[in-house]
Amino acid sequence: MSAIPADLPLRADLVGEEPYGAPQLDVPVCLNVNENPYPLDQEVVDAICQRVRLVAPGLNRYPDREHEELRRALAAYLKKESGTSLQPGQLWAANGSNEIMLQLFQAFGGSGRTALGCDPTYSMYPEYARDTFTDWELAHRLPDFSLDVETTIERIKALRPAMVLVTSPNNPTGTPLPMDQLTRLLEACSQVPVAGADPSARPIVVVDEAYIEFRDPGTPSAVSLIGQYDHLAVSRTMSKAFAFAGARVGYLAASQGIIDAVRIVRMPYHLSALTQAAALAALEHTDLQLARVDQLRQTRRETAEWLAGQQFHGRPLTVVPSASNFILFGIFPDRDAVFEAMKDEGVLIRAVGPQGYLRVCMGTDEEMERFRQTLVHVLKRF
Ligand SMILES: Cc1ncc(COP(=O)(O)O)c(C=O)c1O
């Protein structure tokens with residue numbers, strides 16, 4: 001609970017709000033924030049130290065505001081990871097994709113503007129909207145959590161949003177967004193004027209690909225459409241598959257126009273020289289950083305199968321198919337009780353998303369074994 005005295009002139013719309021965040025608890029098994037559970041390889045650790053050592057004497061100076069070397073490295077990474085060639089000017093990095101998203105809202109949202117999301121989805125989006133005075137509206141997903149494309153397009157036409165946000169794979173459901181559905185959204189947006197903007201303005205479509213490296217091999221990423229659609233912005237992060245959450249590096253791939261818009265709202269020197277150095281070192285070792293992704297996909301397959309074989313009150317658990325490193329499962333009449341009981345036994349998962357569901361992130365083999373044992377034990381008690 002935060003303690004903000006009433007005589008502080010806090011913005012009226014923030015009164016009673018709490019800081020967002022999953023609990024950071026000291027428990028043996030943390031499967032709640034969708035990190036890569038494996039520590040960095042010593043070779044990468046050494047490379048980071050070496051890069052940081054090189055920049056340390058220059059820390060009396062501000063860093064490269066345009067982080068050009070990092071943008072080149074990100075372009076090379078996307079070429080390798082998604083087969084898409086982009087210019088460094090079509091890339092932009094920030095302190096986590098949280099900051100990327102906030103910058104997009106700062107540049108394209110604002111008072112009198114609307115952003116449209118497709119729920120259930122990532123719980124931070126309404127906060128970016130709140131913080132930038134942007135109206136937040138929803139188009140609901142179908143019962144299987146895939147996008148309801150028709151309804152979403154109807155909502156776009158009715159609301160004339162400045163921004164449409166889709167998450168692929170979606171958090172917390174793990175649902176991927178097929179390219180043909182994205183194309184339909186992009187085409188629809190190209191016909192719709194934006195409320196509160198110049199009559200010629202058309203919405204941007206933001207695809208949040210925080211977990212994209214966990215997709216099935218061979219599946220395209222939204223970055224492959226950037227050359228065709230100037231109003232497409234793809235937000236990505238090094239926090240998840242790339243095993244770099246502690247460094248706080250997210251990035252945006254988009255048309256030069258969208259990147260230039262974001263450059264207007266960024267804080268001066270937002271990305272420290274230390275962050276840039278560490279990110280460059282990690283990007284020089286992409287194979288090592290991503291070495292566990294196959295294994296985590298396999299863990300996801302095995303865990304989904306195992307969960308589907310479990311029963312609660314005589315009925316099999318519902319397991320939502322996931323293309324990510326987490327699985328949404330349920331349905332529990334009192335999910336908070338199950339969550340608390342798991343936590344008390346040292347396994348932290350997440351009570352998030354639609355009523356009755358819990359989300360577990362893929363951990364090491366030992367962590368997953370402990371998760372399975374604890375869940376069996378806990379479910380017997382309810
Ligand atoms: C869908 C989605 N987008 C963005 C983020 C933010 O990640 P980061 O700021 O670490 O890049 C998260 C983190 O959980 C997420 O789940």
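Taking a ≥ b ≥ c as the square roots of the eigenvalues of the alpha-carbon gyration tensor, region 153-252 is classed prolate because a/c is 1.5 or more and a/b outweighs b/c. With a Cα cut-off of under 24 Å and a minimum spacing of 8 residues unless on different chains, the lysine pairs in the chain number 4.
Between Ala197 and Ala291, the contour length at 0.36 nm per residue exceeds the alpha carbon distance by 29.3 nm. Oblate is the label for region 1-76. Its Cα gyration tensor axes, ordered a ≥ b ≥ c, give a/c of at least 1.5 and b/c at or above a/b. Report note on the peptides 21-32, 304-315, 286-297, 358-369: ranked by the mean count of other C-beta atoms within 10 Å, highest first, their order is 358-369, 286-297, 21-32, 304-315.
Can you tell me the FRET efficiency between Glu305 and Glu340 if r is taken as the Cβ-Cβ distance and R0 is 30 Å, rounded to the nearest 0.05?
On the way: r = 26 Å, r/R0 = 0.88.
Given R0 = 30 Å and the Cβ-Cβ separation, E is 0.70.
Using 0.36 nm per residue and subtracting the Cα-Cα separation, the extra length available between Asp180 and His140 on full extension is 12.5 nm.
List the relative contact order of the chain as a percent without decimals, with contacts defined as Cα pairs under 8 Å and 6+ residues apart.
Numbers: 690 pairs, mean separation 84.5, N = 382.
Result for the chain is 22 percent.
Summing +1 for each Lys or Arg and -1 for each Asp or Glu among the other residues whose beta-carbon sits under 14 angstrom from that of Ala3 gives -3.
Please sort by residue number the trypsin sites (Lys or Arg not before Pro) in region 6-67 whose DSSP state is loop and whose Cβ has at most 14 other Cβ atoms within 10 Å. Don't jump to the answer; show the numbers that get you there.
Details: sites: Arg11, Arg51, Arg53, Arg61, Arg65; in loops: Arg11, Arg61, Arg65.
Passing sites in region 6-67 are Arg11, Arg61, Arg65.
Using a/c under 1.5 as the rounded threshold, could you call the chain rounded, prolate or oblate? The axes a ≥ b ≥ c are square roots of the C-alpha gyration tensor eigenvalues, and prolate needs a/b larger than b/c, oblate otherwise. Because its axes are fairly even, with a/c under 1.5, the chain counts as rounded. Taking a Cβ cut-off of under 10 Å around Ala323, the surrounding Lys, Arg, Asp and Glu residues balance to a net charge of +2, with basic ones at +1 and acidic ones at -1.
Where a number appears in this text, it was derived from the coordinates with a stated rule and is not lab data. Model, not experiment: these values are computed from the prediction. Every residue, glycine among them, receives a Cβ derived from its backbone with ideal geometry; neighbour counts consider all protein chains shown.
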